[in-house]
Each structure stands twice: as structure tokens, then as C-alpha cells.
Ligand SMILES: [Zn+2]
């Protein structure tokens, strides 16, 4: 599989499971239609019509493309980590309610996911 080249900040988040600050994402309030794909391997993960207003600082989705995202128990035993099913890129965490938030990098009509965060509302 060919991976995209990642910027240092992107690598910190995706490979080293870093965290980014809320309300800084380019697409937090994005309302364009399109498909949100893995920043590293381009696998489609989310669709824009599943996006909803979460008001927690990251774009949020209430559904995912079937089979595209793996849900794994986190090391702390309390959270569920989500990773790209194709390349195991770290996407963030899910809490109860199955709500997702994320930061993305956009190119053409695709939205490249940089980070998905859980959203407690
Ligand atoms: Zn991927």
C-alpha cells in the first residue's frame, strides 16, 4: 500500500497518536458535500451527509462507511480507540453515543482526515 507523505504535525497525530486542540480544524464548520478519507492511505471513511453540528470543536459524524473504521479498546480501559481499517492510522476515540469528531485536510472534493476526536455532549 502506498501512503501519503505526512507533515510532521500530521505524523505526530496519526502515527504517534497525538492530540490536537479543538476549534482549530479547517473543516470544523465545513458544509460542503464529499467523502472524508484517511489522510494517510486515502481510504474513504465518512460521508458528508453524516456530519452533524456537535459544537465541541471538531467536525462530527454520526455514522461511518461500513467496515472502514476499526474500534479497539484503548489502553486505559475506558475509551474506544478508532483506527483506519486499511492502514491502522490513529483517528481518535469514541465515547458513548457513538459520536465522532474529526479534523481533516482537504484536496479536490475529498476531505483528508487528520484527526477524529470523541465528542462528549
Ligand atoms: Zn488509512
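A short reminder: the numbers here are calculations on the coordinates, not readings from a lab. None of the values given here were measured: they were computed from a predicted structure. Heads up, the Cβs are rebuilt from the backbone with ideal geometry, glycines too, and the neighbour counts pull from every protein chain shown.
Neighbour counts of C-beta atoms inside 10 Å place 9, 81, 64 in the sequence 9, 81, 64, starting with the fewest.
Taken along the Cα-to-beta-carbon direction at a fixed 7 Å, the label points for residue 66 and residue 1 span 2.0 nm.
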